[in-house]
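K.L.:
This is the structure I have questions about; it appears just below.
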Amino acid sequence: MSFAVLCSFVLAFYVVIWFFDSFFKSCMHYPYYAFLEGTGLKVGVFNFTWKTTAFNRFIYRWSKNLTRVLRKWFNFGFVFAITLFLPFAIWTLLSFIFEHFHESIQINSVPEVKAMLPGVNIPASDFWVYFMAIGFSSIFHELGHAAAAAQEDVQLLAVGVYVFAIIPIAFVELNTEHLNSLSITKRLKIYCAGVWHNVALAFLAMLLFFSAPILFSIAYKTDIGVRITGFTSDSPLKKARGLEDGDVILSINDCPIKNAKDWSYCLHVAHDRYGICTSAEYIAQNDEIMMETIKENDVVECCRKDDLFSFCFEYMEPKSAVDTVLAGQYSCLKPRDMVKNKLIKCTEANGHTCPRNMHCLKPSLNNQTYLLIIEREDNNAVLYLGLPYDLHKTVFVDQYFPRSAIISFFSPMQFEKLLRYIFIFSLGIGFLNVLPCYGTDGHHIARNMIQWLALYLNKNGDFITFFTVFTVVVGTGITVPILLYLFYKTIFVDNYY
């Protein structure tokens, strides 16, 4: 599903919701308003809100029962957010600006910052994971605020979910008078609790992600290859003589594959050009080169046009070779027969050297085409002429092999995918909320830190107002344009290429 189609569905959904909302408000005025008030629903333009007081008592009692633990938990989170995470977020933001908008400055080890959008860089098959991850990250964030507020006896008025377009955002409503009556340190603990919960959740997700192979080793086998589980509708790999569901992939271009990490790595290094070591005897017996070679678009064609199974190969002899007298610079051969027994690669890195009585032959291809030799278990190798990106984008693999058919319906890869998204979204929500942007936790954190500073310097309210407004305006003025740039880059630049 493309981003344009997704936007069309969202637009149609909200048009229908707006129509029925307007209709019921005009024709069934009192019953409909009673329904909205009773359920806590509220419909707006491209958004709707649901809130309830049903969980207030439970959250308060749970927080009070764990007072000793949670007090230490939120004290540590407050110190972590102020002294470590806030400076890290500011450094990452400034590094991103210098890296992308000032060509003369190159900064190493800058965390990658990019927008994640359904239908753009999140496939349709991952939509359910996207909603679960962002919803769970948002709920855990707000649970931090609610529990920290209960620790300080601040009244919890309601909890709810605000959905803007397709993005679910949890929220809590606290008693403002109770909150403002607290000391600055206690208020900061409450405001930092959400960010701290996001960081803790991201760390937990990362820990579980790397522990998953061990946790599931009782029921699943790993490190024996990757299994094909499906294809996209436009995948060029699922045609005749291509890959099939259930195929176990062992290597790509002689790069061994034991798990999903190896699969990604081997697709990355598949961009390296290579030759195939071929015996002189095989070349002499099977070369079908035409009398005259043709050069089209910087690619030499030495095979007949109607020969669909042969490629034109260029001799890449090592510079140190003494005997360089060859029958010609090119040969027309069938690559499937060349790798039938074993693929022996020769690359520029090893000087195009091959064993004795063998020649290094490199496929004559353009810069946008690669020869991928995909070795399968108990089946012939698949030879694909195209981009490694085609496999990465259109072929789905699983590194877990169930020990029993009873559990074959579930794959831990889905659990790993959920953990990966939780890590990304939870850390992203925490990152955005610690920055001093208007309406975020960072706005309140900045205001209270400035109040702290004013108290220490014995300054009046004008000092607090001026620097709060200045900090929030600068923070918002930097962060919002960067977010817009990231969304634009994801939709129109990265997606185009």
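K.L.:
Using helices alone, I'd like the mean residue ellipticity at 222 nm for the chain: each DSSP H run of four-plus residues gives -39500 (n - 2.57), total over residue count, nearest 500.
P.N.:
Helix contribution divided over all residues of the chain: -15500 deg cm²/dmol.
K.L.:
Ordered by residue, what ³J(HN,Hα) values in Hz, to whole numbers, does the stretch 398-407 give under the Karplus form 6.51 cos²θ - 1.76 cosθ + 1.60, where θ = phi - 60° and Gly and Pro are x?
P.N.:
Using θ = phi - 60°, the values come out as 9, 8, 9, 10, x, 6, 9, 5, 5, 9 Hz.
K.L.:
Here's something else I'd like to know. Cα atoms only: what Rg and Dmax, in Å, come out for the stretch 369-442?
P.N.:
So, for the stretch 369-442, Rg and Dmax equal 20.3, 60 Å respectively.
K.L.:
Give me the angle, in degrees from 0 to 90, between the Cα long axis of helix 29-39 and the longest principal axis of the Cα atoms of the chain, rounded to the nearest 10.
P.N.:
80 degrees
K.L.:
With label points built 7 Å along Cα→Cβ from the Cα atoms of Leu204 and Val480, find their separation and express it in nm.
P.N.:
3.4 nm
K.L.:
More than 18 Å apart: what percent of Cα pairs in the stretch 307-454 qualify?
P.N.:
Cα-Cα pairs in the stretch 307-454 separated by more than 18 Å: 75 percent.
K.L.:
Here's a follow-up. Out of every Cα-Cα pair in the stretch 1-97, what percent are more than 22 Å apart?
P.N.:
When all Cα pairs of the stretch 1-97 are counted, 64 percent exceed 22 Å.
K.L.:
Which value in Å does the Kirkwood hydrodynamic radius of the chain take, with 1/r averaged over all unlike C-alpha pairs and then inverted?
P.N.:
About 27.7 Å, per the Kirkwood formula over Cα pairs.
K.L.:
Can I ask one more? Taking only the alpha-carbon positions of the stretch 113-167 and ignoring solvent, what does the Debye formula give for the base-10 log of I(q)/I(0) at q = 0.12, 0.24 Å⁻¹?
P.N.:
-0.41, -0.97
K.L.:
Could you work out how far apart the two model spin labels at Val269 and Val300 are, taking each label as a point 7 Å from the Cα in the direction of the beta carbon, and quote it in nm?
P.N.:
Using points 7 Å along Cα→Cβ, the separation is 2.8 nm.
K.L.:
How big is the stretch 211-298 by Rg and Dmax over its Cα atoms, in Å?
P.N.:
So, for the stretch 211-298, Rg and Dmax equal 19.1, 62 Å respectively.
K.L.:
What part of the accessible area of the chain, given as a whole %, is carbon or sulfur when the probe is 1.4 angstrom? Present the calculation step by step, with values, prior to reporting the outcome.
P.N.:
Working: 18040 of 28950 Å².
That fraction is 62 percent.
K.L.:
Step through the residues of the stretch 451-460 one at a time and calculate ³J(HN,Hα) from phi using the Karplus curve (6.51 cos²θ - 1.76 cosθ + 1.60, θ = phi - 60°), rounding each to whole Hz and writing x for Gly and Pro.
P.N.:
Once θ is set to phi - 60°, the couplings for the stretch 451-460 become 5, 4, 5, 5, 5, 5, 8, 6, 9, 8 Hz.
K.L.:
Gap in Å between the Cα centre of the stretch 166-239 and the Cα centre of the stretch 287-302?
P.N.:
Using only Cα atoms to place each centre, the spacing works out to 55 Å.
K.L.:
Which whole-number value in Å² is the accessible area per residue of the chain, probe 1.4 Å? Walk me through the numbers before you get to the answer.
P.N.:
Values: 28950 Å² over 497 residues.
Normalised by residue count, the accessible surface of the chain is 58 Å².
K.L.:
Next up: Thr353 to Phe164: FRET efficiency via 1/(1 + (r/R0)^6), r the Cβ-Cβ distance, R0 56 Å, to the nearest 0.05?
P.N.:
The formula returns an efficiency of 0.40 here.
K.L.:
To continue, here is another question. Over the stretch 235-277, with a single point scatterer placed on each C-alpha, what log10 of the ratio I(q)/I(0) does the Debye formula yield at q = 0.25 1/Å?
P.N.:
Debye intensities relative to I(0), on a log10 scale: -1.01.
K.L.:
Full extension from Ala405 to Gln329: what is 0.36 nm times the residue separation minus their Cα-Cα distance, to one decimal in nm?
P.N.:
Taking Ala405 through Gln329 to full extension adds about 22.0 nm, to one decimal.
K.L.:
List every residue whose amide H lies under 5 Å from the amide H of Glu301, counting only residues 5 or more places away in sequence or on a different chain, with H placed 1.01 Å from N in the peptide plane.
P.N.:
Hits under the 5 Å cutoff: Ile294, Lys295, Glu296.
K.L.:
Using only the Cα atoms of the stretch 1-51, each taken as one equal point scatterer with no solvent, compute I(q) by the Debye sum, divide by I(0), and report log10 of the ratio at q = 0.31, 0.33 Å⁻¹.
P.N.:
Normalising to I(0) and taking log10 leaves -1.15, -1.19.
K.L.:
Step by step: find N for the stretch 193-254, compute 2.2 N^0.38 Å, then divide the Cα radius of gyration by it. What's the final number?
P.N.:
Cα Rg divided by the expected 2.2 N^0.38 Å: 1.71.
K.L.:
Name the cysteines of the chain that stand alone by the Cβ rule: no other cysteine Cβ under 4.7 angstrom.
P.N.:
Cys7, Cys27, Cys192, Cys437
K.L.:
What span do the alpha-carbon atoms of the stretch 449-497 cover on each of the three principal axes, reported in whole Å from largest to smallest?
P.N.:
Taking max minus min along each principal axis of the Cα atoms, the stretch 449-497 gives 56, 14, 8 Å.
K.L.:
If you don't mind, another one. Mind jotting down the three principal axis lengths of the stretch 161-213 based on Cα atoms? Whole angstrom, largest first.
P.N.:
Computed over the stretch 161-213, the largest-to-smallest principal extents equal 49, 32, 10 Å.
K.L.:
Using the beta-carbon distance between Leu84 and Ser181 and R0 = 22 Å, what value does 1/(1 + (r/R0)^6) give for FRET efficiency, to the nearest 0.05?
P.N.:
0.15
The values are calculated or read from the model by the stated rules, or taken from the named source; none is laboratory data. Model, not experiment: these values are computed from the prediction. So basically every Cβ, Gly included, is an ideal-geometry build from the backbone, and we count neighbours across all protein chains shown. Ligands, DNA and RNA are stripped out before the accessible areas are found, and what is left, the full protein with its side chains, is counted by its heavy atoms. Shrake-Rupley method; radii C 1.70, N 1.55, O 1.52, S 1.80 Å.
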